[in-house]
1. Quick check: the angle from helix 33-44's long axis to the longest principal axis of the chain, C-alpha only, nearest 10 degrees?
2. Just tell me which aspartates and glutamates come within less than 19 Å, Cα to Cα, of K157; anything on the same chain fewer than 8 places away is out.
3. When only C-alpha pairs under 8 Å and at least 6 residues apart count, what is the relative contact order of segment 2-159, in percent?
4. Taking the simple approach of a point 7 Å from Cα along Cα-to-Cβ for both F29 and I82, what is their distance in nm?
5. Quote the FRET efficiency, to the nearest 0.05, computed for I95 versus F120 with a Förster distance R0 of 30 Å and r equal to the Cβ-Cβ distance.
6. For a footprinting-style exposure proxy, rank Y132, Y110, Y83 by other Cβ within 10 Å, fewest first.
7. Could you work out the longest stretch of the chain that avoids the trypsin sites (Lys or Arg not before Pro) located in DSSP loops with at most 11 other Cβ atoms within 10 Å?
8. Mind pulling the angle between the C-alpha long axis of helix 96-119 and the longest principal axis of the chain? Nearest 10 degrees, somewhere in 0 to 90.
Amino acid sequence: MITSYFISIVILLIISVLESTWLSALTIFRPDISLLVLIYISFYSNSAQGIVSGFFSGLIIDGTSLAPWGYTAFMRTILAWIYSIFSGKLILDKIFIPMLMGFTATIAKYIIMLFLFLLFKTPSLLSSIINYNTLLEIGLNSLAAPIVFFLLSLLFKFINPKKERL
């Protein structure tokens with residue numbers, strides 16, 4: 001059990017660091033791969049494992065970005081909790097459900113961001129949430145989710161071949 005926690009946290013931390021440092025310099029528009037990995041881990045593991053992984057990956061993203069400390073950690077923890085609720089309750093196909101999960105997770109991420117901006121009364125940043133890049137990220141996450149889910153299923157079958165799930 002501890003090893004599965006450790007493996008999922010390490011994978012999420014590596015993806016989060018790569019995405020927030022190197023991949024951010026490569027392209028302007030890219031999917032939020034760490035969010036998709038978090039959804040996969042939250043959906044296929046027990047709820048505590050996904051939530052802990054989301055919290056630690058959020059702290060890493062907060063540390064490598066200009067976000068206030070705990071902002072992304074809070075957001076990722078909430079998203080991991082939401083998707084851990086559906087663990088074992090949905091039959092996951094190869095394309096449609098991962099696309100739907102990527103779509104809804106990105107929208108939920110922006111709803112949480114909007115709520116936090118309104119809670120802390122920063123209306124000047126409101127236009128940075130609702131714009132063309134938001135729609136582009138929603139579309140890219142929806143398209144990238146089946147690919148990321150497929151690659152992660154292969155990775156976790158290789159890491160832990162005895163177990164079907166994380």
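1. Helix 33-44 sits at roughly 40 degrees to that axis.
2. Those aspartates and glutamates meeting the cut-off are D93.
3. Normalised by residue count, the contact order of segment 2-159 is 26 percent.
4. The two pseudo-label positions are separated by 2.3 nm.
5. Working: r = 38 Å, r/R0 = 1.28.
Efficiency computed from Cβ-Cβ geometry: 0.20.
6. Working: Y132 8, Y110 16, Y83 24.
Ordered by Cβ neighbours within 10 Å, fewest first: Y132, Y110, Y83.
7. Free of exposed loop sites, the longest segment is 1-88.
8. 40
Each value in this text was obtained by applying a stated rule to the coordinates, not by laboratory testing. Quantities reported herein were computed from a predicted structural model and do not represent experimental measurements. Heads up, the Cβs are rebuilt from the backbone with ideal geometry, glycines too, and the neighbour counts pull from every protein chain shown.
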